[in-house]
1. Hey, can you tell me all the residues within the stretch 92-114 that are under 20 Å from residue 221 (Cα atoms) and touching a helix residue (DSSP H, G or I) at 6+ places or on another chain (Cβ under 7 Å)?
2. For residue 85, work out the one condition from (1) over 30 Å from residue 310 (Cβ atoms); (2) touching a residue at least 24 places away in the same chain (Cβ under 8 Å) it doesn't fulfil.
3. Can you find a residue in the stretch 468-484 that is part of a strand (DSSP E or B) and closer than 26 Å to residue 401 by Cβ?
4. With respect to residue 79, determine if the residue is surrounded by 14 or more Cβ atoms within 10 Å (Cβ to Cβ) and free of Cβ contacts under 8 Å to residues at least 40 places away in the same chain.
5. Taking the stretch 13-37, which residues are out of contact with any Lys or Arg (no Cβ under 7 Å at 6 or more places or on another chain), over 9 Å from residue 63 (Cβ atoms) and assigned to a strand (DSSP E or B)?
6. Please specify each residue of the stretch 301-317 satisfying the condition of being under 27 Å from residue 380 (Cα atoms) and of a type in the set (A, V, I, L, M, F, W, C).
7. Please determine, by comparing only the residues of the stretch 313-333 that are buried (at least 24 other Cβ atoms within 10 Å of the Cβ) and of a type in the set (A, V, I, L, M, F, W, C), which one is farthest from residue 593 (Cα to Cα).
8. Limited to the stretch 339-373, what total is found for residues that are aromatic (Phe, Trp, Tyr) and either at pLDDT below 95 or farther than 14 Å from residue 267 by Cβ (or both)?
Amino acid sequence: MTPRLGVCYYPEHWPETQWAKDARRMAGLGLTYVRIGEFAWSRLEPKDGVFDWGWLDRAIDILGQAGLQIMMGTPTATPPRWMLSKYPDMLAYDANGQPRKFGSRRHYCFSHEGYKSECARIADKLGERYGENPYIHSWQIDNEYGCHDTILSYGPAAIEAFQRWLKDKYKSIDDLNAAWGNVFWSMEYSEFDEIDLPNLTVTEPNPAHVMDFRRFSSDQVVAFNRVQVEALRQHTSTPLIHNYMGRITEFDHFAVGEDLEIASWDSYPLGFLEDRSDQNEDFKHTFQRQGDPDFAAFHHDLYRGVGNGRWGVMEQQPGPVNWAPYNPAPLPGMVRLWTWEAFAHGAEFVNYFRWKQAPFAQEQMHAALLRPDGQEAQSWSEIEQTAEEILQIDWSQKSANSRVAIVFDYASAWAWDIQPQGQDFDYFRLVFDIYKALRLQGLSVDILPPTIFDFEGRDLVIIPGLFAWNKNLRKAVNSFTGKCLIGPRSGSKTGDFQIPLQLPPAIEGMDIQVTAAESLRPSEKIPLESGGHLHIWREFTQTKETVSLRTKDQHPALISKDNLHYLCGWPDDDGMDSVLKELGYDNEILPEGLRCREIGHYQLITNYNLSPVSYKGSKIAAASVKLFNAANNEIVLG
């Protein structure tokens, strides 16, 4: 399938006389898709039960007749003001018990049954009217679950729903008390309705209590999404999509994705470098106009896994954004590079945000393909070039599953946020560090859910920081014949957030016990005999298995038995290189800022650097890409 380009468009923001011209310019640029509708509830239903469909009917017709396929959004991320009058208790509450007031967006609690029914109703109305419209390519449900810290709500609706959820899970209050260890600090309950939400406690709340609240909160997102899926499915068979975000771990994206056909995410490489990166200031300065060479790629691979192979970029940054601490402009060439990189990771589409820069409201400083005066912005020519280039490539051969994979577990992100045991221990960062080490060796990587049954077709699977084992994952590990790298901190808790009595990591077939663990200050690094260090986290173990790598103070760092390997700490970059070499991965490290990715029989090279880099005997310009035929190294593009 040839990938396509698209754009996010808001016809309700512009005079109707302008729509046809916009549609012609979109098609002329080489765009195929246009996303509309996801924030338009107040224009679709200006009063409760009073609908105005005419403007949307005409917009769909104009865009469709111009040859554009429409991605229709349900507008549930922006409930109109009359909705709050109808349901004054629908607002989410922050951890300090304050309501998240009206005046921007995402001002709802996932647990509010009244608002959830309103979302099902508007989805049903939209599906009934447009479900069989030939111009509709797909449906986006809501917008950016988790954006603006809106998954965890601490209000009345959440309290009632959480108590019901707990009663359904545990049935008996005695079973809950035992699972949570509530004998500690006299925290035992007599009834489920005595249980409050785990905020505003004097000191740390019970971690098992918090973990169940995090599970509950994730389940509420799944249920919220599902009511709209069920409403739309009555009227349409076109794909359903949600647009996830970067480094959002508050809910299980794999669980939401089970109800959808396609996953997507909103890629803002420069914004995310400024406000979601663990890199130091020197790194951020060097890549301020290009973005982290691995951050977008990681999410491409993650959401390919969430979408079971079908995914795209719903919003691609085309210029400076408005929401990061600093908002530089992309280096010329980067919009094209980001687009090609997404295609290299299997994206079906890349949509740019947005068509025209808004001269009003919160996002007026957010760049678009057109300036507020309607003139072409900087990225226009790069998109025009990319639209022509993708038609020159043979896309008939899809990329096979990567031989290397990482298991990503959202529950582990919750667990180590609840009880990090060191302020630098962050699950996402641990997984990302390992992912980056693999990419530096030129490897393509798949990201898998923890519920996977087998690892067929893989040579190496890495399971870092796993909170607790589940039966499916144990089965996959036990039947796997390739190399499996597990740890650190994997299997260190039971599902009830207790230390297993047999001691972690509880890997079947390996005789290892973690007897103690320590978190390390940023200034402390434990040298490895083979090069590099452990930092952030280290475990002390006793074992009868082979110690493959040691620290210089003679503690095990990597323990091996047959195809299973346990990592007893968090390696730095050089340390991870030593670990991979021990596993047989001794590829030449790519130059800084240079990355590669297989696309069927092609290999795409991306250069995130400020200067040209030589690779395979060819010079790759700064902020640019080259596409090679992997069989003969012939340059196909670039």
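The values are calculated or read from the model by the stated rules, or taken from the named source; none is laboratory data. Note that the structure is a prediction, hence the values are computed from the model and not measured. Cβ atoms come from the backbone with ideal geometry, glycine included; neighbour counts cover every protein chain shown.
1. 108, 109, 110, 111, 112 - these are the residues of the stretch 92-114 that are under 20 Å from residue 221 (Cα atoms) and touching a helix residue (DSSP H, G or I) at 6+ places or on another chain (Cβ under 7 Å).
2. The number of the failed condition is (2).
3. yes
4. yes
5. 35
6. Selection gives 311, 313, 314.
7. The initial filter retains those residues of the stretch 313-333 that are buried (at least 24 other Cβ atoms within 10 Å of the Cβ), namely 313-314, 316-318, 330.
Those still in the list that are of a type in the set (A, V, I, L, M, F, W, C) too: 313-314.
Working: 313: 22, 314: 25 Å.
Out of the qualifying residues, it is 314.
8. Filtering the stretch 339-373 down to residues aromatic (Phe, Trp, Tyr) leaves 340, 343, 349, 352-353, 355, 360.
Next cut, either at pLDDT below 95 or farther than 14 Å from residue 267 by Cβ (or both) only: 355, 360.
Result for the stretch 339-373: 2.
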